[in-house]
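Peer 1: Have a look at this one before I ask anything.
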Amino acid sequence: MAGLADRGFARRAGPRVWPLYVGGFLGPYGSTMVTPMVHEVAAGLRGSVTAVAAAVTVYMVPFAVLLLVSGTLAERWGRRRTVRVSLVVFVLVSVLCAAAPSIEVFLVARALQGASNAFTTPLLVASIIDLVPAQRRGRALGWFAAMQAAGQGFSPLITGLSASWNWRLAFAFPTLVAIVLVLFPPDAAAAARRAEGAVPWRVLLNRRLGLAAALSFLSYLGAVGLTVLVVLRTQDDFGFGPVQRGLVSAAFGVAGVAAAGPLGRWAERTGPRSLGLVMNTLLAAGVLTAALAPDPLLVVAGVVAAGGAVTGIRTIVNELSATSAPANRGGAASLALSAQFFGGALAPVLWVPLYHADARWGFAAAASAPLAALLVLLTARTLRPR
């Protein structure tokens, strides 16, 4: 991670920003980490597979709901204090997940994981905006988006490998990441920023933030749909086992990390509109390729295209949201991220039943999300530099 920081501005911009990138990994990683090991958790806790599968929902719902207000509240309380307390809580409840004696305790701990992450992720975006000079902001936000993509893409692989020994070990990795962030927080220049007086809520009612929230929701509606459906298709059509499915999912994260630098520079040169149009087109193409390709390598190519595209879209969303309300950056980033994770929570509910009815229709429906985002971008009137 330190290498990313060196390339991504810690040395040139002065302040220590690599913890911000690492923190961006945790939210998406935690959301779907239980998916590859539902059978092992169910057997270990003597519960049903259906009950364990709900662990994704009980994480995502409090995460998304609290994101509606967590950024603004954290700006009032102070970023450094809020981030540290949230990370300590995350460590404690992750240990509780690993040591849970029953399915009920496990689900409560998962809900607390999501709640604690809601008070961390938006502040990281706001701090990047405050720490990094405007001329390098696109690349910094690109790296943050890449780490989010890595969290989403590598989660099935890491947890699947851990669960092959013992499912409880799967919680060791995110716990260690959170401990590192507690010990090495972001530099105080932004992390310790505290608002003078009440942080305004009304500034969040603006079109720029509304556009960011719409793009954020639609990107995750398509991206999470892709990652879930690809796991199903590679098992059904190609007979892939859990490790192979994890590797396919990891391609999403690898592509996101690889694309971060170039896409960040592109965003700095051309602005969000042109990048958004290209990236949403690429995401739709990636989803359809993963749906229709007769060869597993072509399916992976579709996943790679989607992973790179989502990093570009997240870069745009983070830029639009955090610059839409300078008086309440944390609250603005929080709202956009809430829309993102609401889209992620809704995707399996919408697309999986369609997939089981007809696999092609399931993927086609998932591809409709980035196509809708294209329409939003084409009709948007708020993409003016600030």
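The values are calculated or read from the model by the stated rules, or taken from the named source; none is laboratory data. Every value quoted in this text rests on a predicted model; they were computed, and no experiment measured them. Note that each Cβ is placed from the backbone with ideal geometry, even for glycine, and that neighbours are counted across all protein chains shown.
Peer 1: Being modelled with pLDDT of 85 or more and either surrounded by fewer than 24 Cβ atoms within 10 Å (Cβ to Cβ) or in contact with a Lys or Arg (Cβ under 8 Å, 6 or more places away or on another chain) (or both) narrows it down to one of LEU292, LEU226, so name that one.
Peer 2: Step by step, each of LEU292, LEU226 is checked, and only LEU292 is modelled with pLDDT of 85 or more and either surrounded by fewer than 24 Cβ atoms within 10 Å (Cβ to Cβ) or in contact with a Lys or Arg (Cβ under 8 Å, 6 or more places away or on another chain) (or both).
Peer 1: Could I ask something else about it? Return the residue satisfying two criteria in turn: it lies in region 96-117 and is aliphatic (A, V, I, L, M) and under 22 Å from the mean Cα position of the chain (by Cα), and of such residues it is surrounded by the fewest Cβ atoms within 10 Å (Cβ to Cβ).
Peer 2: Within region 96-117, the match that is surrounded by the fewest Cβ atoms within 10 Å (Cβ to Cβ) is VAL108.
Peer 1: Regarding region 352-372, can at least one residue be identified that is within 21 Å of ALA150 (Cα to Cα), basic (Lys, Arg) and part of a helix (DSSP H, G or I)?
Peer 2: The answer is no, given that none of the residues of region 352-372 is within 21 Å of ALA150 (Cα to Cα), basic (Lys, Arg) and part of a helix (DSSP H, G or I).
Peer 1: Inspect all residues belonging to region 118-130 and state whether any of them is of a type outside the set (Phe, Trp, Tyr), at pLDDT 80 or above, within 18 Å of GLY27 (Cα to Cα) and within 12 Å of the chain's Cα centre (by Cα).
Peer 2: Checked against the condition, which is being of a type outside the set (Phe, Trp, Tyr), at pLDDT 80 or above, within 18 Å of GLY27 (Cα to Cα) and within 12 Å of the chain's Cα centre (by Cα), region 118-130 yields at least one hit.
Peer 1: Sticking with this structure for a sec: I'm trying to understand the selection: among the residues of region 133-150, which are buried (at least 24 other Cβ atoms within 10 Å of the Cβ) and not polar (S, T, N, Q)?
Peer 2: GLY138, ALA140, LEU141, GLY142, TRP143, PHE144, ALA145, ALA146, MET147, ALA149, ALA150
Peer 1: How do the pairs read when you match residues in region 159-173 that are among the basic types (Lys, Arg) with residues anywhere that are not in a helix (DSSP H, G or I), using Cβ under 9 Å and keeping only pairs 6 or more apart or on different chains?
Peer 2: ARG168/ALA100
Peer 1: Going through region 78-90 one residue at a time, which ones are buried (at least 21 other Cβ atoms within 10 Å of the Cβ) and not aromatic (Phe, Trp, Tyr)?
Peer 2: ARG79, THR82, VAL83, SER86, LEU87, listed by residue number.
Peer 1: Has region 248-256 got any residue that is hydroxyl-bearing (Ser, Thr, Tyr) and more than 30 Å from ARG381 (Cβ to Cβ)?
Peer 2: Yes - at least one qualifying residue is present in region 248-256.
Peer 1: Here's something else I'd like to know. Anything in region 333-352 that is among the small types (Gly, Ala, Ser) and without any contact (Cβ under 8 Å) to a residue 12 or more places away in the chain? List them, or say none.
Peer 2: Residues satisfying the conditions do not exist here.
Peer 1: Only one of VAL105, VAL88 is under 23 Å from PRO185 (Cβ atoms), modelled with pLDDT of 90 or more, part of a helix (DSSP H, G or I) and out of contact with any Phe, Trp or Tyr (no Cβ under 7 Å at 6 or more places or on another chain). Can you tell me which?
Peer 2: VAL88
A quick yes/no check of all residues on (1) assigned to a helix (DSSP H, G or I); (2) over 27 Å from THR315 (Cα atoms); (3) hydrophobic (A, V, I, L, M, F, W, C); (4) within 13 Å of the chain's Cα centre (by Cα):
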| position | (1), (2), (3), (4) |
| --- | --- |
| SER162 | yes, yes, no, no |
| TRP165 | no, yes, yes, no |
| PHE171 | yes, yes, yes, no |
| ILE179 | yes, no, yes, no |
